[in-house]
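Visitor: Starting off with a structure, shown below.
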Amino acid sequence: MLEPRSATRPAVLVAEDLVMHFAGRRSMADALRRRPAAPVQAVAGVSFQVSPGEVLAIVGESGCGKTTTANLLMGLLTPTAGRVVLDGRPVGGRSRAELASMRREMQMIFQDPYESLNPRMRIADVVAEPLRVHHVATSPADEAERVARALTRAGLAPAEVYLHRYPFELSGGQRQRVVVASALALEPRVLIADEPVSMLDVSIRAEILNLLRGLATEQGIAVVMITHDLSTVAAYADRIAVMYLGRIVETGHARRILADPQHPYTRALLSVVPVPDPSARRRPQVLAGETPDPARVPSGCRFHTRCPVAIERCRTIDPALVTVGDDHAAACLLVTPSGAPGVPPAARRG
Amino acid sequence: MTAVVQATAPIVTGMVQSGFLVRLVRRPMGAIGLGMLVIAVVVAVLAPVLAPYDPDANVHVGIEDVYQTPSAAHLLGTDDGGNDVLSALIFGARVSLVVGFAASLMTILIGGTIGLVAGYRGGWLSTVLMRFTDFVLVIPDLALQIVIVAILGPSLLNIILVIGGLGWTSTARLVRSQTLSVRERMFVTRARAIGAGDLHIVWRHVLPQILPLMLATMVLAVSLAILAESSLAFIGLGDPTVISWGQMLNFAFSLGAVSAGAWWALLPPGFAIVWVVLGTTLLGTALEDVLNPRLKRHHLERDRSVRVAEPEGMGWLRVEPVRADAPLLRVRGLTVEFDSPAGPLRAVHDASFELRRGETLGLVGESACGKTTTVLGLLRLLPPGGRVTAGQVLFDGEDLMALPERDLRAVRGKRLAIVFQGAMNALNPVRRVGDQVAEVIRIHEPEVGARVADRRARVLLERVGIGGGRYADYPHQYSGGMRQRAMIAMALACRPDVIVADEPTTALDVMIQAQILELLAGLAREFGMATILVTHDLGVVAQVCDRVVVMYGGRVVEDAPTLRLFADPQHPYTRLLLASFPDLLHPERPLQSIPGSPPRLDAMPPGCPFAPRCPAAFDRCSTVKPPAYDLGDGRRAACLLVEPGHRAPEPIHA
């Protein structure tokens, strides 16, 4: 049912080997010795693509670079290396006007619907704002029509009920729908959703996730969902990219990864997700310590310092993503590339 | 605390948005200030009608007209020129108010623009603008005003320009700091992501947020400008062609009013100045109060307003024999209310549950359903304005609600410890973490020396996974997970019988969450502690809790052992909550959401609080508040569907 769509439809958004380094902070001693600051490698070579109608989830813990990746996609940051290609045209290095037109194609949905709506603007103005900024509407009537259409698409129908309200008059779920409606006003082809439900009550998360899923499936919008929550990904994403310390360590078809994770990090991450079933009390594989400082990335495989199955070679060799199955790749020395015979014993543990 | 803030936030915002003027006038300061100012403005506007004499009509002045005592013809006597003081006072209002408002408008325009640009743009421009502001700020205002007016000539326009041109510095600094904080807010980032330009963002997003503050500042600036004009006029630098209150004082002083004993020439203008300055100050202060409500006091501040009403009838029967199998903590009928302008709001209603030794109890529900308020209430740590109005909390047989504050402090922390959600806020940012842990030990066991406390603190931190190398670090050097570990170490410091953890892992990553939960469970086993876990995460509850209490609308709606609750939920709310929670092991199960939102405290439904959202509600649900029915097997549910003798009704479909 959920076969990868990339094979059938050409990608609308492509990230090609994105790298983002931030200037690190120098200690006083280093500054005195004129030693340069170690750069913070927030994103260290990330590639993926999204097709129309597809939901790609970028999953990882804080500090893994997923939000930086989102900002790179949106053109809010300029990558140190690599590029973002939207509809065959690179995003980076565009003129202001081109950047503006790019933004019409790609819109962002933010995490916190309580914070991302201006409390003093009416809903009609919130949704109309992108139209006004980009001078899209040809007349006030056209603007009103576009606003009503966006609200309806976001599930706020009839639109007239909401137009003259203020954000505080709406529930959390309705507010997030307004954020979605405002992103839809320009009829974008790509939506970047940064933790779209993490600030919402569990009881209303499903409605927003169903909305985003529907926008992809029914209206062909490509959705990139940035999240730390694997259980929502399980139900709503077509494909997953698991990030650790600025790299994608495993990517592929969502259900397949959940059923048969290959990278030790993905396995540990899946094992600690609390499952709402007391009869299935699991044995979580809790990793010790925390994600290392991205200014001091470990040598070799970046995960080897916390990896329960690391071997000697992991200290020195930085593994690349290798295909381990149909639309499934993992960056680990212990995985078996598809087609290769035999299974290394260490990879099957856990 | 979070739950309380979330519950009251829509109400507060609502009032700011709608009845702003009403709220302003409801404050005595606001009403009086506004009234005083309105009177002054009306007098100024209607001067030609109100004044008994035309101030310019003093054609024939005789020596006998000068400094006449107040009489029926001249209610406030006459001045040095034989003019009616009352008329001068009334016409003087025009000049003083024009100077006041014009100059303060100027300060707002200059200061506001500089503050806005410096705050929004930042960088070198901000540095230049703010250093310039500092430079202007250190110049003694009055001295410079005197010099400039003396050079330019004392015309009314010059006076306004000088006062306005020098008085904008504090406005600029205020506006800048406000702009800085608004600039960081998410809706500004969102506007940037939409592709909006700076001008658009400042105009539509930043300015509306700081306008109220600017209004309050402007009103206060009016009084400063009027004072400045009076001072200038008093030392002879007022515009000689018009009459202002300062000018009246100047003439009276310099032309012998004091030696003539003519108090009526001096007191009225002085009084008028005080009147307007007092009025604007009162109004400005009230405006600030209404527009920046700093209601958020920290929830750890001691609650002085605890007033406990004994539950009707049997409250004196408090002494309970302690048996081994008796619950360690027994909450009975706990009811918490908060003050609001509309009267007391009930946040927790008749909550009852029990906790046994070594047990882990989950307190679950959506936000604003009363979970946090319940635990703060049972520890008597409610924020100001909140109080326990009924109920008992029996801890080892002792009623915490009836305990004097002194004895309660010994229980709190020592036997009942709490771990808060925002660990960063609960740690003192300027003190070393290790010292803060040692301090807790010394507070509860003063006989322990500094060295011993220090050593114990190290052991404790090590036990929660923080190595000795981090003992002397400050909280900001810790990650979120380490701060939460430090908080747990502090809670452990006195070997409590019960740990209350309020959303201990909510802001943490899933791996760190697993570490913290593993730590808490291990400690509970090791020390035989009981745990109350406040959370909205049903996955966490399923994995670690022995018993679950589900809350909705401030009431306990279901209470059951964890296995039974998940296998066979009785209350429709519990059922829907479970259906909304994603399950990694069953991604094919479609998730539902619960339509609508939890009831607001000021708009509780008359019957069952869940009735408006309940798919199984029938007619009686909107009128009857269901009590908690005992279902046997340690299960209770507050729903008419489980009422004994209830026959399945026809459900009402929305």
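The values are calculated or read from the model by the stated rules, or taken from the named source; none is laboratory data. Keep in mind the model is a prediction, meaning the values are calculated, not measured. Note: ideal-geometry Cβ built from the backbone for every residue, glycine included; neighbour counts use all protein chains shown.
Visitor: Out of A:His263, A:His228, report the one residue that is surrounded by 24 or more Cβ atoms within 10 Å (Cβ to Cβ) and either more than 11 Å from every other protein chain (Cβ to nearest Cβ) or of a type outside the set (Phe, Trp, Tyr) (or both).
Guide: Answer to the check: A:His263.
Visitor: May I pose another question? A:Val126: farther than 30 Å from A:Ala234 by Cα and either touching a residue at least 12 places away in the same chain (Cβ under 8 Å) or more than 10 Å from chain B (Cβ to nearest Cβ) (or both), yes or no? Working first, answer last.
Guide: Values: farther than 30 Å from A:Ala234 by Cα: yes; either touching a residue at least 12 places away in the same chain (Cβ under 8 Å) or more than 10 Å from chain B (Cβ to nearest Cβ) (or both): yes.
The answer is yes for A:Val126.
Visitor: Ok, one more. The conditions are (1) closer than 29 Å to A:Val12 by Cβ; (2) surrounded by 20 or more Cβ atoms within 10 Å (Cβ to Cβ); (3) without any contact (Cβ under 8 Å) to a residue 60 or more places away in the chain; (4) away from chain B (no Cβ under 11 Å), and A:Ala185 fails exactly one of them. Which is it?
Guide: Status for A:Ala185: all satisfied but (4).
Visitor: Still on this structure: What do you reckon, is B:Pro561 free of Cβ contacts under 8 Å to residues at least 40 places away in the same chain, surrounded by fewer than 20 Cβ atoms within 10 Å (Cβ to Cβ), at negative phi and more than 8 Å from chain A (Cβ to nearest Cβ)?
Guide: Answer is no for this residue.
Visitor: Please pick out the residue among B:Val510, B:Val550 that is at pLDDT 85 or above, touching a strand residue (DSSP E or B) at 6+ places or on another chain (Cβ under 9 Å) and buried (at least 18 other Cβ atoms within 10 Å of the Cβ). Spell out the reasoning first.
Guide: Working: B:Val510 fails: touching a strand residue (DSSP E or B) at 6+ places or on another chain (Cβ under 9 Å).
Exactly one residue qualifies, and that residue is B:Val550.
Visitor: State all residues of region B:476-492 that are closer than 15 Å to B:Gln421 by Cα and assigned to a helix (DSSP H, G or I); if no residue qualifies, say none. Walk me through how you get there before you give the answer.
Guide: Taking region B:476-492 as the starting set, the residues that turn out to be closer than 15 Å to B:Gln421 by Cα are B:479-491.
Hits for region B:476-492 are B:Gly480, B:Gly481, B:Met482, B:Arg483, B:Gln484, B:Arg485, B:Ala486, B:Met487, B:Ile488, B:Ala489, B:Met490, B:Ala491.
Visitor: For the list (1) buried (at least 17 other Cβ atoms within 10 Å of the Cβ); (2) part of a loop (DSSP other than H, G, I, E, B), I need the number of the one condition that B:Leu578 fails.
Guide: (2)
Visitor: Same structure again: Spot the failing condition for A:Ala280; the list is (1) within 10 Å of another protein chain (Cβ to nearest Cβ); (2) over 20 Å from the mean Cα position of the chain (by Cα); (3) touching a residue at least 12 places away in the same chain (Cβ under 8 Å), and only one is missed.
Guide: (3)
Visitor: For region A:151-182, how many residues meet the condition of being in contact (Cβ under 8 Å) with a residue 12 or more places away in the chain, within 13 Å of chain B (Cβ to nearest Cβ) and assigned to a helix (DSSP H, G or I)?
Guide: 13
Visitor: Of the conditions (1) under 13 Å from B:Gly365 (Cα atoms); (2) facing another protein chain (nearest Cβ under 7 Å); (3) among the hydrophobic types (A, V, I, L, M, F, W, C), B:Val556 fails just one. Which one is it?
Guide: Answer for B:Val556: the failing condition is (2).
Visitor: Would you say A:Ala137 is small (Gly, Ala, Ser) and crowded, with 17+ Cβ neighbours inside 10 Å? Give the steps one after another, and end with the answer.
Guide: Values: small (Gly, Ala, Ser): yes; crowded, with 17+ Cβ neighbours inside 10 Å: yes.
Taking the combined requirement at face value, the residue satisfies it.
Visitor: Report, ordered by the first and then the second residue, all pairs with beta carbons closer than 7 Å, sequence separation of six or more or different chains, a first member in region B:610-628 that is over 15 Å from B:Gly596 (Cβ atoms), and a second member that is β-branched (Val, Ile, Thr) and surrounded by 15 or more Cβ atoms within 10 Å (Cβ to Cβ).
Guide: Once the first residue is over 15 Å from B:Gly596 (Cβ atoms) and sits in region B:610-628, its partners that are β-branched (Val, Ile, Thr) and surrounded by 15 or more Cβ atoms within 10 Å (Cβ to Cβ) give B:Ala628/B:Val556.
Visitor: Filter region A:94-108 down to residues that are buried (at least 17 other Cβ atoms within 10 Å of the Cβ) and more than 9 Å from chain B (Cβ to nearest Cβ) and give me whichever is nearest to the chain's Cα centre (by Cα).
Guide: A:Met106
Visitor: State yes or no: is B:Val464 away from every other protein chain (no Cβ under 14 Å) and buried (at least 22 other Cβ atoms within 10 Å of the Cβ)?
Guide: Against the criterion (away from every other protein chain (no Cβ under 14 Å) and buried (at least 22 other Cβ atoms within 10 Å of the Cβ)), B:Val464 does not qualify.
Visitor: With the checklist (1) assigned to a helix (DSSP H, G or I); (2) within 12 Å of another protein chain (Cβ to nearest Cβ) in hand, flag the one item A:Val197 doesn't pass.
Guide: (1)
Visitor: Filter region B:526-547 for residues that are within 10 Å of another protein chain (Cβ to nearest Cβ) and of a type in the set (Asp, Glu); which is surrounded by the most Cβ atoms within 10 Å (Cβ to Cβ)?
Guide: Ranking the qualifying residues of region B:526-547, first place goes to B:Asp537.
Visitor: Residue check: is B:Gly645 assigned to a loop (DSSP other than H, G, I, E, B), exposed (fewer than 14 other Cβ atoms within 10 Å of the Cβ) and modelled with pLDDT under 90?
Guide: So B:Gly645 passes the test.
Visitor: Can you name the residue in region B:586-608 that is within 17 Å of B:Ala638 (Cα to Cα) and crowded, with 18+ Cβ neighbours inside 10 Å and, of all such residues, is farthest from the other protein chains (Cβ to nearest Cβ)? Lay out the reasoning, then the answer.
Guide: First, pick out the residues of region B:586-608 that are within 17 Å of B:Ala638 (Cα to Cα): B:598-599, B:604-608.
Next, from what is left, pick out any that are crowded, with 18+ Cβ neighbours inside 10 Å: B:598-599, B:607-608.
Working: B:Pro598: 8, B:Pro599: 12, B:Gly607: 20, B:Cys608: 17 Å.
Looking at residues that are within 17 Å of B:Ala638 (Cα to Cα) and crowded, with 18+ Cβ neighbours inside 10 Å, I get B:Gly607.
Visitor: Pick from A:Val272, A:Val297, A:Val223, A:Val309: which is in contact (Cβ under 8 Å) with a residue 24 or more places away in the chain and buried (at least 21 other Cβ atoms within 10 Å of the Cβ)?
Guide: A:Val223
Visitor: Give the residue that is nearest to A:Val197 (Cα to Cα), with candidates limited to residues of region A:76-117 that are of a type in the set (Asp, Glu) and modelled with pLDDT of 85 or more.
Guide: By that ranking, first place goes to A:Glu105.
Visitor: Still on this model: Could you run through region B:203-232 and say how many residues are closer than 17 Å to B:Val99 by Cα, touching a residue at least 60 places away in the same chain (Cβ under 8 Å) and not acidic (Asp, Glu)? Reasoning before the result, please.
Guide: In the first step, residues of region B:203-232 are kept if they are closer than 17 Å to B:Val99 by Cα; the result is B:217-232.
Filter again for touching a residue at least 60 places away in the same chain (Cβ under 8 Å), leaving B:217-226, B:228-232.
Those still in the list that are not acidic (Asp, Glu) too: B:217-226, B:228, B:230-232.
Summing the residues that are closer than 17 Å to B:Val99 by Cα, touching a residue at least 60 places away in the same chain (Cβ under 8 Å) and not acidic (Asp, Glu) in region B:203-232 gives 14.
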